[in-house]
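Reading through the structure tokens given below for one structure.
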Amino acid sequence: INDIMWLQRDLGLYLVNMFDTYHASKQLGLPRCSLSYLLHRYCDVTADKQYQLADWRIRPLPDVMIKYAREDTHYLLYVYDCLRYELLTQGMHTLESVYRNSNLDCQQTFRKPVFTQESYMDVYKKIRIALKPQQKECLKSIYKWRDQTARNEDESTAFVLPNHMMFKIAELLPTDQEGILGCCNPPPPLVRLHVQELHLIVEKARHYNPLLDPANTSVNEEEYTPGFLDMTHQSSVESIFTPKQTPARRIKERKEYFTSPNQDPTSNLKTSPQLRKIVHQ
């Protein structure tokens, strides 16, 4: 499906009457669905995939890449005949099912992504791993950096920083630039170029406190774990608040509990002068 999206996005091409070898392999119950497996099964050819992720935008293309492209498509018609024959031996309905699923793929349309502050959630939901607030903030910030960098450099977001590398950085929260590069194998060119900027983003996320974020209207109590932060970066006022008690609620409860007709509402509070000042206000 990615290839269909890319053809629409980059060349304005829309496919029709496609026979997808992936759906054919699934329908036949083959152990693998990749083209390399089909080449080995039907043509006794070992596919060379070293240029699969190469930069195909370069011009002129080297001879080795031209040869790779030719070999990658040379056997497709023969593989198609073999798959179609095996499908027909199981009944016409199996072949029709493959064509139907292939046509459904062709109907997919490319929509230009629009960046919002919550766009990172689309990729966050795919990893199915619960991140702590600091890790989630790191993912959100790097996602924003990646989008801006991709637009500035006129590159795809996957070229700037693939999703799996972005998730690893957010999960591990590296403490130095070498750690960030270590999360990427191999490090993308733009990550190497902007590794200092990425380090500042990760460092800021490491000390992120969701309780002090005005944009964070609700705190997930299960996700927030006191002690995950470096507490030396918090003031005495910040450190007394728990996930269930926001600053305003905490102060209100203490005022109601300690207030009496002849008593200072802060006289029994063993807290810092900063908190007593806030209560008086």
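The values are calculated or read from the model by the stated rules, or taken from the named source; none is laboratory data. Remember, predicted model here, so these are calculated numbers, not experimental data. So basically every Cβ, Gly included, is an ideal-geometry build from the backbone, and we count neighbours across all protein chains shown. Only protein heavy atoms, including side chains, enter the accessible area calculation; ligands, DNA and RNA are left aside. Shrake-Rupley method; radii C 1.70, N 1.55, O 1.52, S 1.80 Å.
Residues of the stretch 103-147 being without any contact (Cβ under 8 Å) to a residue 40 or more places away in the chain, in a loop (DSSP other than H, G, I, E, B) and open to solvent by less than 20 Å² (accessible area, probe 1.4 Å), which ones?
The answer is 119, and nothing else.
So which residues in the stretch 175-202 are assigned to a loop (DSSP other than H, G, I, E, B) and in contact with a Lys or Arg (Cβ under 9 Å, 6 or more places away or on another chain), if there are any at all?
Once the filter is applied, which keeps residues that are assigned to a loop (DSSP other than H, G, I, E, B) and in contact with a Lys or Arg (Cβ under 9 Å, 6 or more places away or on another chain), the stretch 175-202 yields 175, 183, 184.
How many residues does the stretch 177-205 hold that are closer than 20 Å to residue 132 by Cα and surrounded by fewer than 16 Cβ atoms within 10 Å (Cβ to Cβ)?
4
Determine whether the stretch 87-98 contains at least one residue that is surrounded by 15 or more Cβ atoms within 10 Å (Cβ to Cβ), in contact (Cβ under 8 Å) with a residue 40 or more places away in the chain, touching a Phe, Trp or Tyr at 6+ places or on another chain (Cβ under 8 Å) and under 20 Å from residue 2 (Cα atoms).
yes
Are any residues in the stretch 45-70 surrounded by 10 or more Cβ atoms within 10 Å (Cβ to Cβ) and among the hydrophobic types (A, V, I, L, M, F, W, C), and if so, which ones?
45, 47, 54, 56, 61, 64, 65, 66, 69
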